[in-house]
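Chemist: The structure under discussion is supplied below as structure tokens; questions concerning it will follow.
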Amino acid sequence: MHLGLNGRRAAVAAASRGLGFACAQALAAEGVAVAVCGRSEERITKAAARLGNGAVPLVADVADPDEARRFVAQAREALGGLDILITNAGGPPPGTFATAPFAEYPKALALNLLSVVAMCQEAVPGLQAQRFGRVVAITSIAVRQPIPNLILSNTARAGATGFLKTLAREVAGDGVTVNSVLPAAHATERLADIYGGDLADPAAGIPAGEVGRPEDFGAVVAFLCSDPARFITGAAIPIDGGAYAALL
């Protein structure tokens, strides 16, 4: 399938590794010029070198909404414009209602909700003006099926999903689509670190019998950025090997 992405320009947040990097890699393979950000200059520079094709490394911590906004502005300037925004961020610390202190909630909202709002506010008006744009947010399967011991992430990411759905309806007539992708366990460096390289445990709860491949996740995101996906907007799409159990 021809995705029609060659020559497009994308800002991909939190892309030094993991699913963010996989998305940037999939877009670059389709001829998209990408700017990527991460908190560590060393790691994001190495990631950009792996991407090749003139990928632009930028240092930003999207946990600070001002830095998230600045990342998009710098990406647009470096690329000479912007067509695609991929929002992404790490997750807040684990906790339950009983153990997560109130002081952690604003931090979680800044990381997984306000960063999305800030990046969209910086990017979307320009996408509307040019009558073309793609926004894809990496959230979590937790927005449909809350994950135990992750009350902070569950709360913030659900808020982001409400924002994205509302935004999608408001800008659909301007040639801009807004979707989110909801990963369950994927074979990222972070998951390998958590489980000591043995991914049998996280795979056990997935009907597909294995954790996801980051490159497959990236390919789905690239499709959502494509011309053939122009009629898909406001969707929150699980990429989870069947882990989400509800009907809707």
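The values are calculated or read from the model by the stated rules, or taken from the named source; none is laboratory data. This is a predicted model, so every value here is computed, not measured. Ideal geometry is used to build each Cβ from the backbone, glycine not excepted, and the neighbour counts take in all protein chains shown.
Chemist: For the range 78-182, which fully contained helices (runs of 4 or more DSSP H) count at least 2 residues that are at pLDDT 95 or above and closer than 21 Å to Leu224 by Cβ?
Modeler: 115-130, 151-171
Chemist: Looking at (1) of a type outside the set (Gly, Ala, Ser); (2) in a loop (DSSP other than H, G, I, E, B); (3) crowded, with 18+ Cβ neighbours inside 10 Å, which one does Leu247 not meet, given that it meets all the others?
Modeler: Failing condition for Leu247: (3).
Chemist: Here's another thing I want to ask about it. Among the candidates Leu152, Leu164, which residue alone is within 23 Å of Ala24 (Cβ to Cβ), in contact (Cβ under 8 Å) with a residue 60 or more places away in the chain and buried (at least 20 other Cβ atoms within 10 Å of the Cβ)?
Modeler: Only one candidate passes the filter, namely Leu164.
Chemist: Restricting attention to the range 88-105, does a residue exist that is in contact with a strand residue (DSSP E or B) (Cβ under 7 Å, 6 or more places away or on another chain) and crowded, with 23+ Cβ neighbours inside 10 Å?
Modeler: yes
Chemist: Considering only the range 1-28, state which residues are within 25 Å of Ser140 (Cα to Cα) and without any contact (Cβ under 8 Å) to a residue 40 or more places away in the chain.
Modeler: Scanning the range 1-28 gives Ser16, Ala28.
Chemist: Going by the structure shown, is Gly234 within 13 Å of Pro183 (Cα to Cα) and either over 16 Å from the mean Cα position of the chain (by Cα) or surrounded by 13 or more Cβ atoms within 10 Å (Cβ to Cβ) (or both)?
Modeler: When the stated conditions are applied, Gly234 does not pass them.
Chemist: Only residues that are buried (at least 24 other Cβ atoms within 10 Å of the Cβ) and either touching a Cys at 6+ places or on another chain (Cβ under 9 Å) or among the hydrophobic types (A, V, I, L, M, F, W, C) (or both): list them for the range 128-141, please.
Modeler: Arg134, Val135, Val136, Ala137, Ile138
Chemist: So for the range 222-238 (the condition being part of a helix (DSSP H, G or I), in contact with a helix residue (DSSP H, G or I) (Cβ under 7 Å, 6 or more places away or on another chain) and at pLDDT below 90), does at least one residue qualify?
Modeler: Within the range 222-238, none of the residues are part of a helix (DSSP H, G or I), in contact with a helix residue (DSSP H, G or I) (Cβ under 7 Å, 6 or more places away or on another chain) and at pLDDT below 90.
Chemist: Return the total of residues in the range 184-208 being in a loop (DSSP other than H, G, I, E, B) and in contact (Cβ under 8 Å) with a residue 12 or more places away in the chain.
Modeler: So the count comes out to 9.
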